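What follows draws every value from the coordinates through simple rules; no lab data is involved. Bear in mind the structure is a predicted one, so any value in this text is a computation, not a measurement. Here the Cβ is made from the backbone with ideal geometry for all residues, glycine too, and neighbour counts use every protein chain on show.
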Amino acid sequence: MTGSLEQVAQAIRAYNKFLITWHIDPDPDSVGSGLALQLALQAAGKEAVCVSPDPLGDWSRFLPGIESCKVFGGELGSALDVDAVIVEDCEPARCGGLVPYLQSGVPVINIDHHGTNRGFGEAFYIKPEAAATGEIIYELIAEYLQIPLSQPMAANLYAALAGDTGTFRYSNTNSRVLYIASELVRQGADPAETALHLYENRAYEEVDLIRAALDTLEISPRGDMSWITIHRAMLGENHWSGQQSEDVIRYPRMIRTVKLAIMFRELEPSRTKVSFRSRDNIDASRIAGLFGGGGHTYAAGCTLDMPLQEAKALVLETAARILASNSAEQSGG
Ligand code: AMP
Ligand code: MN
């Protein structure tokens, strides 16, 4: 834990007009947390607007308040004229086109659960033990700011928790998360509807892309590492959404012997996004950190300024070395 949630609450009490933002490739945790916080601040009589650094996928359409969310396209005029910016679910460096604005001297409040975030701004709270940023936002709204949770806030926070726990299946699912989820359902969040929108609301093209992605599935000779590759041509005209990463990376991670699942995605001819999912004490954030990225122990990512094939070769070689030394350590060798 770094920083203090009380300091964050104090900074929020002190200001009146907020811009809330999150990371590129937005996911249910970042967007749900942002919308819930926006609704809470508005309920407390403050002004707040959510600005996403990247377009939002279709999956986000069911979130209450999403229609008021702006997407940063280079200019926002008076929307940027606020007392403070709340950066949540990431460090400010991951806010894409908004990074120069965040460095322009505007007060920044940073709330996150990525252990690789050292904390930024005049008030920050980084809690890696939190399963989702939504868990911290729940504590902030309900316990620190003591703003009554409305149904729309609960629906957003439930989506945030569901998103980052794989709907309460991953190892970050604990009694605290389930307690908060239960409170959110009591306030009107709908688990079945949330799951439907997050997992069973894809366009045909998105599912067809999973088919093409599965065709690229590979596995290491020892069976401990498996990966999938998304070429730009596979996307056609379609935009990639954060939810699709989850759709695809689940296949290599499903394999019994796999300790490290990797997805390589070609962003541009010389830019490659790499996602990692791990288990059995393999620290994915450490591997991503070697390439300038970060994240959590069992879910992390990075972006390399390299063509797909080059990035693949480098990352696979590095990861194989780490897995080999890890298994040597475990067998006492
Ligand atoms: P992804 O690979 O985008 O599915 O992300 C997996 C996890 O790692 C998510 O919690 C991300 O927020 C986090 N993550 C991805 N890329 C980075 C990065 N460059 N720096 C820090 N955290 C990251
Ligand atoms: Mn998150």
### Message
Can you tell me the convex hull volume per residue for the range 207-298, based on C-alpha atoms, in Å³ to the nearest whole number?
### Response
105
### Task
Compute the long axis of helix 308-330 from its Cα atoms, compare it with the longest principal axis of the Cα atoms of the chain, and write down the angle in degrees, 0 to 90, nearest 10.
80
### Query
Can you tell me the Rg and the Dmax, both Å, for the Cα atoms in the range 72-148?
13.3, 37
#### Entry: Per-residue Cβ neighbour rank within 10 angstrom, fewest leading, Trp227, Trp240
Trp240, Trp227
### Task
Going by C-beta contacts inside 10 Å, put Arg256, Arg286 in order with the fewest on the left.
Arg256, Arg286
#### Entry: trypsin sites (Lys or Arg not before Pro) restricted to DSSP loop in the range 186-251 with at most 13 other C-beta within 10 Å
Arg222
### Task
Report ³J(HN,Hα) in whole Hz for each residue of the range 129-139, in order, from the Karplus equation J = 6.51 cos²θ - 1.76 cosθ + 1.60 where θ = phi - 60°; Gly and Pro get x.
6, 6, 5, 8, 4, x, 5, 5, 5, 4, 4
#### Entry: Helix axis angle, 28-43 relative to the chain longest principal axis, alpha carbon, degrees
0
### Least to most buried among His231, His23, His114 (fewest other Cβ within 10 Å first)
His231, His114, His23
### Message
Please list, ordered by chain and number, the residues whose modelled amide H lies under 5 Å from the amide H of Thr116; skip anything fewer than 5 residues away on the same chain.
### Response
Gly295
### Query
Which is the longest part of the chain that has none of the GluC sites (Glu not before Pro) sitting in a DSSP loop with at most 16 other Cβ atoms within 10 Å?
238-333
## Note on the structure
With Cα coordinates, the longest principal axis of the chain makes an angle with the long axis of helix 242-254, in degrees rounded to 10, of 40
### Task
Enumerate cysteines in the chain without a disulfide-compatible partner, where compatibility requires another Cys Cβ under 4.7 angstrom.
Cys90, Cys95, Cys302
